[in-house]
1. Identify, by number, the condition in (1) in contact with an Asp or Glu (Cβ under 7 Å, 6 or more places away or on another chain); (2) without any contact (Cβ under 8 Å) to a residue 24 or more places away in the chain that S162 doesn't meet.
2. If S154 satisfies all but one of (1) surrounded by fewer than 16 Cβ atoms within 10 Å (Cβ to Cβ); (2) under 22 Å from the mean Cα position of the chain (by Cα); (3) outside any helix (DSSP H, G or I); (4) not charged (D, E, K, R), what's the number of the condition it fails?
3. Out of the residues in the range 118-140 that are surrounded by 16 or more Cβ atoms within 10 Å (Cβ to Cβ) and not basic (K, R), which is farthest from the chain's Cα centre (by Cα)?
4. Strands (runs of 3 or more DSSP E) wholly in the range 22-77 with at least 1 residues that are in the same structural domain as V97 (by TED's automatic domain parsing) and closer than 18 Å to R91 by Cα - which ones?
5. What are the pairs with Cβ atoms under 8 angstrom where one residue, in the range 139-158, is more than 22 Å from P203 (Cα to Cα) and the other, located anywhere, is of a type in the set (F, W, Y) and assigned to a loop (DSSP other than H, G, I, E, B)? Sequence gap at least six, or different chains.
6. Could you grab me the full set of residues in the range 71-102 that are at pLDDT 90 or above and loosely packed, with under 13 Cβ neighbours inside 10 Å?
7. Being modelled with pLDDT under 90, more than 27 Å from D122 (Cβ to Cβ) and within 15 Å of the chain's Cα centre (by Cα): is that true of Q29 here?
8. Among the residues of the range 95-111, are any assigned to a strand (DSSP E or B), among the charged types (D, E, K, R) and touching a Leu at 6+ places or on another chain (Cβ under 7 Å)?
Amino acid sequence: MQTYLNSCTPFTCFTEGASIEATVHGKRQVRLPKFNETYEMGCPNLLIRLLPGPSVEWSGTVRIVCKDSGLEAELSYHRSNSFMGMGGDGRCVKGKVFRSSNPQDAVFEIDGYWDRTVSLKDVESGEVLVLYDANLSIANLITPEVKDEEGLSSTESAVVWSEVSEAILAKDWEKASEAKRKVEGTARSLEKERSEKGEVWMPKHFSLSQDKDGNWDCCPLEKSRIYPYDFFPYKSPSDHRIVVAGFWSGQLSCDRYSIGNTV
């Protein structure tokens, strides 16, 4: 059983006091071919706190929509038990699942911690179950490994960002910043060269389109761009899947588990 993840998410950042918040634009899609279901969702903001100690957490509200099942979920990522923004647990999430035709009538209530466990409560019966266990969900994920470095294209992500990655792993931040500027400079030079020649850049591995509002959408062209999701509860009803799809998508981003090519 396999799942497709499609994401095209640029972002903007702003600073407020001792924190930096990145607003992620665009949308994500998780497709479950077996059920003929597509889940479309936004992304919570990425909040980086500098004081009293460095920390990273999600914040804001996300809506997940599945037109195929007629269900939606609303998730609120927030910090609990904080005093003037200090202390507390920054991994909390609350929300609800409801029918698109009746958003005021919750079918399930959601509560928990997105990096640990999230519970689902049936509003009608009062039954509570563990919907999502982060440890179990990501336990079988394997970091992609490059086995044939010589066979890689010069535009492959592993090649383009190799110097940056090595510097980060070595905690050499100055070298990492320098290598990052080098990558960006090369990209600008290539863009200028294409512009001078009147060439239009087209990705090799993705279809790319833009709507009237300027939002980009990209989809993988190759079947190899499929993410195995063996731990997804496929036997669960659609009103459970809609929430798990959102947490799974978020975990992939948090853990930087991605397979792709810069072109």
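The values are calculated or read from the model by the stated rules, or taken from the named source; none is laboratory data. Note that the structure is predicted; figures quoted are calculated from it, not measured. Positions of Cβ are generated from backbone atoms using ideal geometry, with glycine treated the same way; all protein chains shown enter the neighbour counts.
1. Here S162 meets the rest and fails (1).
2. It is condition (2) that S154 fails.
3. L120
4. Strands (runs of 3 or more DSSP E) meeting the threshold: 45-49, 55-66.
5. A139/F231; N140/F231; L141/Y257; T143/Y257
6. S100, S101, N102
7. Spelling it out, Q29 is indeed modelled with pLDDT under 90, more than 27 Å from D122 (Cβ to Cβ) and within 15 Å of the chain's Cα centre (by Cα).
8. Looking for residues that are assigned to a strand (DSSP E or B), among the charged types (D, E, K, R) and touching a Leu at 6+ places or on another chain (Cβ under 7 Å), one finds at least one in the range 95-111, hence yes.
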